[in-house]
Amino acid sequence: MNDSTSERLDRVIRETGAEPTHAVIWLHGLGADGHDFEPIVPHLRAAARRPVRFVFPHAPVRPVTINGGMAMRAWYDILGMSIDRDQDEAGILASVASVHVLIDEQIESGIEAGNIVLAGFSQGGAIALRTGLARTEALAGVMALSCYLLQADRLESWSQPASARVPVFMAHGEHDPIVPLALGRQAADRLEAAGYSVEWHSYPMPHSVSPEEIQAIDAWLEAIWS
């Protein structure tokens, strides 16, 4: 899957032990950076029980149309208010290629694909789904938080047969003003209709992550890594 033309993403690395046997690649949301989810690591007991490498990449800086063309870290441009429809396909595919490279790097370092989780929040969650389900080898799981499914109408054309057995964790805020809860639920329903095993959670929160959600993430990680 490695594409030498893909942009190599700068990243933050956190490890919970020497010689990691597991990895989590966690993609941040629009306008954030790789440091955004670093503070969650100490709260994950599943990561304390085994040596895990957390990779928090920084998205490229690019103008974002919906924000008046302001340059910020973004996995792709957002062209209009219909965030699940107004999509920057070139930007999406470029980010997908770069994240494939990140995954390949972990495999080349000795971590099995079946021990790698691809996670993301908001835009990052959308890219995590679009990348993780397009791998030719099955990952341990895909975690998609407060997001939607990119290119949902073409799922069968870009997803890979191996991804059908990849567990998917999805969670969303019931009061999310940025990515409406309905978009997350539609994504989960679309994946379930296609045969994916989706664990769905919703919480009384806005576009954020809650302590209860972190507990559910921890339990899911322990389950898929055990």
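The values are calculated or read from the model by the stated rules, or taken from the named source; none is laboratory data. Please read all numbers here as calculations on a predicted model, not as lab measurements. Areas reflect the complete protein model, heavy atoms only, side chains present, ligands, DNA and RNA absent. Shrake-Rupley method; radii C 1.70, N 1.55, O 1.52, S 1.80 Å.
Averaged over its residues, region 4-78 has an accessible area of 47 Å² per residue, based on protein heavy atoms and a 1.4 Å probe. Of the Cα atoms belonging to region 81-205, the radius of gyration and Dmax stand at 13.8, 42 Å.
Computed on protein heavy atoms with a 1.4 Å probe, the accessible areas place 35, 28 in the order 35, 28, largest first.
In the P(r) worked out for the chain, what percent of Cα pairs fall beyond 32 Å? Walk me through the numbers on the way to the answer.
Values: 2430 of 25425 pairs.
Pairs farther apart than 32 Å: 10 percent.
The Rg/Rh ratio for region 1-129, using Cα coordinates for both the radius of gyration and the Kirkwood hydrodynamic radius, is 0.99. For region 102-226, the solvent-accessible area of protein heavy atoms averages 36 Å² per residue (probe radius 1.4 Å; ligands and nucleic acids excluded). Calculated mean residue ellipticity at 222 nm for the chain: -9000 deg cm²/dmol, from DSSP H runs with n ≥ 4 weighted as -39500 (n - 2.57), summed, divided by the residue count and rounded to 500.
Between residue 11 and 58, the built amide H atoms are under 5 Å apart, and every one of these is 5 or more places off in sequence or on another chain.
With a 1.4 Å probe and every protein chain kept in, tell me what percent of the accessible surface of the chain is carbon plus sulfur.
Taking all protein chains in place, the chain shows 51 percent carbon and sulfur surface.
Any idea what the alpha-carbon Rg over 2.2 N^0.38 Å comes to for region 78-117?
Numbers: Rg = 14.4 Å, N = 40, 2.2 N^0.38 = 8.9 Å.
Rg over 2.2 N^0.38 Å, computed on Cα atoms: 1.61.
Normalised by 2.2 N^0.38 Å, where N is the number of residues, the C-alpha radius of gyration of region 145-192 stands at 1.21. In terms of accessible area, using a 1.4 Å probe and ignoring ligands and nucleic acids, 33, 153, 77 rank largest first as 153, 33, 77.
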